[in-house]
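Participant: I have a structure here, written as structure tokens, and I will follow up with some questions on it.
The values are calculated or read from the model by the stated rules, or taken from the named source; none is laboratory data. Since this is a predicted model, take the numbers as computed values, not measurements. Positions of Cβ are generated from backbone atoms using ideal geometry, with glycine treated the same way; all protein chains shown enter the neighbour counts.
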Amino acid sequence: MKNLKTTTKVDFATYLGVTLAFIVVMLCQQFGLLSRSLTGMLVPICAYIVMAVSLNLTVGILGELSLGHAGFMSVGAFSGVIASQSLQSAIPTAPLRLAVAILVGAAFAAIAGTIVGVPVLRLRGDYLAIVTLAFGEIIKDLINCLLVGYDSKGLHMAFNLDGSLTINDIGMAPDGMAIIKGAQGATGTATIASFPAGFILIMITLVIVLNLVRSRSGRAIMALRDNRIAAESVGINVTKYKMMAFVTSAALAGAAGALYGLNYSSLAASKFAFDTSILVLVYVVLGGLGNMWGSIIAAVVLYVLPEALREFADFRMLVYAIVLILVMLATNNDQVKALAGRIIPRRKGGAKNG
Amino acid sequence: MAEKKQFEKGKMVPVPSVSIIPERDLDKTPILECNHLGIDFGGLTAVNEFNITVGRTEIAGLIGPNGAGKTTVFNLLTKVYHPTRGTILLDGLDTHGKTPAQINRMGIARTFQNIRLFNNLSVEDNVKIGLHNQEKYSMFSGILRLPKYWRQEKAAHERALELLSIFDMQDLADHQAGSLPYGAQRRLEIVRALATNPSLLLLDEPAAGMNPSETAELMENIVKIRDTFQIAIMLIEHDMSLVMGICEGICVLNFGQIIAKGTAEEIQSNPTVIEAYLGKQQ
């Protein structure tokens, strides 16, 4: 029972922390205490928190390395943008349309996750890392030649594979609206993403991930991570639970992508390249594998840090790297750990006995 | 252990036979029947012509010198390896083509020679993972925490503590499994296997690394488990005091072949067994 209480306590502390942070930021914004650049970063920060938490489900809880998380974000972003743009007349209310767009983004990313996961998750070893890496690149290239427009007759879509097509060649009526223009990406998007919506998405993500981890399914997923052979020997269906974790993770990344995509009036697929995947992986590793509030803090700090380091001008990324190394040294220091352990209850009851 | 006396002596009949099934189980179908079981790794025949029948509530022992193929037999029974030849009938059902997870759901649970626990999880969670297939709520009830979730989680919690109490481990429920002492890890593995509600429990060297008093306690517990759960237990063990003390039927394996079957007394006086262990008398 004590164990149950400890984990529940950590969960509620996470919810409470995120809510408090949201209230504080909202108040600061109200009183004009936030700089313009910081205000502009609020929605992307929310999206990256969701990305980090969802990737933590694959990397920290399932224990499989995924290097293509930005690919799922990209699928979610562009399908979300298409949904939002084409539903403009059907659903005039922006928040509702945002919610629908996020759901569409999550659904398409989940489909992409299933397509990647079905063959790969049956294999043992590091194949998932290789395939997701390739998937991220393939998705980027596919969207780079995707042409999508919307008119009174519905959606028009074409793949500009040989470079001969333009947005005018997809059979759109003159009153039609271009949504995605190949390598230019999505243009003219109505920016309906808002910080409160981002906060709600973070909370939903946390509820899904934390409740999943504390349930029967989550225990099965963690059992696979700790010892696959033993998990099989107690009757756990390996492929099913790997898929469950991976597809959930992909769907949440898609939701984050839709939120992110609807925050900018123009968005190119190159935004979701390999380095974005690595960036999110850095948040997860630095925040601690399997540690959700760690991912949140790491995502916030590391997203804001490059901006805060602007005064170092050319040495910005150098200082960023040094900060990363220092954080890693600090979080692996026994004394720091002991100090943190006194403030925050440990994730699992008996860690002190180790 | 009164059942042991019910054995008929001197029945070393050729296999397959029901001769080593205790009498109380004779009227029921055997829980396990292996016929002509064998596996080859490339050109190497690791197990060949393995025939054994295990009764409903029997404690069976599988012994043999190092490398005789004992663990391979366990891996065949749990489908970690798929047999090259022969059939395995569990409770009369063929297990051909099943996965290890399906085999567990059919009723075989096992422990491992080199302990395989979920080291980062708590002791209680380890047992709850064993209870996985007895909890029935879906992923969505779990995420939305529907009443079904609370009801079944409460039941699982109580069941886990109950199972841990077999080995007096309920106070360790909060501890991380990887931080337990060696003996406790072995016991936790048995509890986890029991949690899957098996009808046949396979123990791979349960007494390895235990001192004599711990071994004696383990012997009592194995018999207690058999009596409480009314299941069959098959164990691989090098500690002869344990094997001879509690096993009702013993099967001796050497170079992948069964060289003797019978009760403890029969095995102890069998010249082939003595030769396999000690070498030929000059």
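Participant: Please give the number of the condition residue B:103 fails out of (1) surrounded by 21 or more Cβ atoms within 10 Å (Cβ to Cβ); (2) under 19 Å from the mean Cα position of the chain (by Cα); (3) more than 7 Å from chain A (Cβ to nearest Cβ); (4) in contact (Cβ under 8 Å) with a residue 40 or more places away in the chain.
Facilitator: With (1) surrounded by 21 or more Cβ atoms within 10 Å (Cβ to Cβ); (2) under 19 Å from the mean Cα position of the chain (by Cα); (3) more than 7 Å from chain A (Cβ to nearest Cβ); (4) in contact (Cβ under 8 Å) with a residue 40 or more places away in the chain applied to residue B:103, the lone miss is (4).
Participant: Something else about it: Conditions first: (1) part of a loop (DSSP other than H, G, I, E, B); (2) out of contact with any helix residue (DSSP H, G or I) (no Cβ under 8 Å at 6 or more places or on another chain). Residue B:158 passes all but one, so which condition is the exception?
Facilitator: For residue B:158, the exception is condition (1).
Participant: Something else: Does residue B:192 count as at pLDDT 95 or above and either facing chain A (nearest Cβ under 7 Å) or more than 22 Å from the chain's Cα centre (by Cα) (or both)?
Facilitator: When the stated conditions are applied, residue B:192 passes them.
Participant: Moving to a separate point now. So how many residues does segment B:136-183 have that are within 11 Å of chain A (Cβ to nearest Cβ), small (Gly, Ala, Ser) and crowded, with 16+ Cβ neighbours inside 10 Å?
Facilitator: Matching residues across segment B:136-183 total 8.
Participant: Tell me whether segment A:13-20 contains one or more residues that are loosely packed, with under 13 Cβ neighbours inside 10 Å, aromatic (Phe, Trp, Tyr), within 14 Å of chain B (Cβ to nearest Cβ) and under 18 Å from residue A:210 (Cβ atoms).
Facilitator: no
Participant: Of the residues in segment A:188-203, how many are free of Cβ contacts under 8 Å to residues at least 12 places away in the same chain and within 12 Å of residue A:54 (Cβ to Cβ)?
Facilitator: 0
Participant: Has segment B:189-204 got any residue that is of a type in the set (A, V, I, L, M, F, W, C) and surrounded by fewer than 19 Cβ atoms within 10 Å (Cβ to Cβ)?
Facilitator: No; the residues of segment B:189-204 include none that is of a type in the set (A, V, I, L, M, F, W, C) and surrounded by fewer than 19 Cβ atoms within 10 Å (Cβ to Cβ).
Participant: Got a sec? Which of A:315, A:246 is among the aromatic types (Phe, Trp, Tyr), crowded, with 20+ Cβ neighbours inside 10 Å and assigned to a helix (DSSP H, G or I)?
Facilitator: Details: A:315 fails: crowded, with 20+ Cβ neighbours inside 10 Å.
Testing whether each residue is among the aromatic types (Phe, Trp, Tyr), crowded, with 20+ Cβ neighbours inside 10 Å and assigned to a helix (DSSP H, G or I) leaves just A:246.
Participant: Oh, and also: Regarding residue B:237, is this residue under 12 Å from the mean Cα position of the chain (by Cα), within 14 Å of another protein chain (Cβ to nearest Cβ) and at pLDDT 90 or above? Spell out the reasoning first.
Facilitator: On the way: under 12 Å from the mean Cα position of the chain (by Cα): yes; within 14 Å of another protein chain (Cβ to nearest Cβ): no; at pLDDT 90 or above: yes.
So residue B:237 does not fit the description; no.
Participant: With a cut-off of at least 1 residues that are of a type in the set (Asp, Glu), name the helices (runs of 4 or more DSSP H) lying wholly within segment A:120-232.
Facilitator: Helices (runs of 4 or more DSSP H) meeting the threshold: A:127-144, A:216-226.
Participant: Now, a different point. Can you work out which of the residues in segment B:117-135 that are part of a helix (DSSP H, G or I) and more than 7 Å from every other protein chain (Cβ to nearest Cβ) is surrounded by the fewest Cβ atoms within 10 Å (Cβ to Cβ)? Can you show your working first?
Facilitator: Restricting attention to segment B:117-135, the residues satisfying the condition of being part of a helix (DSSP H, G or I) are B:123-130, B:132-134.
Then drop every residue that is not more than 7 Å from every other protein chain (Cβ to nearest Cβ), which leaves B:123, B:126-127, B:134.
Numbers: B:123: 30, B:126: 30, B:127: 27, B:134: 16.
Applying the filter and picking the extreme gives B:134.
Participant: Evaluate the following for residue B:114: is it within 25 Å of residue B:219 (Cβ to Cβ), within 14 Å of chain A (Cβ to nearest Cβ) and surrounded by fewer than 23 Cβ atoms within 10 Å (Cβ to Cβ)?
Facilitator: Spelling it out, residue B:114 is indeed within 25 Å of residue B:219 (Cβ to Cβ), within 14 Å of chain A (Cβ to nearest Cβ) and surrounded by fewer than 23 Cβ atoms within 10 Å (Cβ to Cβ).
Participant: Go through (1) more than 22 Å from residue B:190 (Cβ to Cβ); (2) away from chain A (no Cβ under 11 Å); (3) surrounded by fewer than 21 Cβ atoms within 10 Å (Cβ to Cβ) and name the single condition residue B:91 misses.
Facilitator: (1)
Participant: Something else: Among residues belonging to segment A:229-280 that are within 14 Å of another protein chain (Cβ to nearest Cβ) and charged (D, E, K, R), point out the one that is farthest from residue A:75 (Cα to Cα).
Facilitator: Checked segment A:229-280; the qualifying residue farthest from residue A:75 (Cα to Cα) is A:232.
Participant: Restricting attention to segment A:187-212, and to residues there that are within 14 Å of another protein chain (Cβ to nearest Cβ) and touching a Leu at 6+ places or on another chain (Cβ under 8 Å), which single residue is surrounded by the fewest Cβ atoms within 10 Å (Cβ to Cβ)?
Facilitator: To start, the set of residues in segment A:187-212 that are within 14 Å of another protein chain (Cβ to nearest Cβ) comprises A:203-212.
Retained after the next criterion (residues that are touching a Leu at 6+ places or on another chain (Cβ under 8 Å)): A:205, A:208-209, A:211-212.
On the way: A:205: 26, A:208: 21, A:209: 25, A:211: 19, A:212: 22.
Only one residue fits best here, namely A:211.
Participant: Please enumerate the residues belonging to segment A:139-174 that are in contact (Cβ under 8 Å) with a residue 24 or more places away in the chain and in contact with a strand residue (DSSP E or B) (Cβ under 6 Å, 6 or more places away or on another chain).
Facilitator: Once the filter is applied, which keeps residues that are in contact (Cβ under 8 Å) with a residue 24 or more places away in the chain and in contact with a strand residue (DSSP E or B) (Cβ under 6 Å, 6 or more places away or on another chain), segment A:139-174 yields A:145, A:146, A:147, A:148, A:149, A:150.
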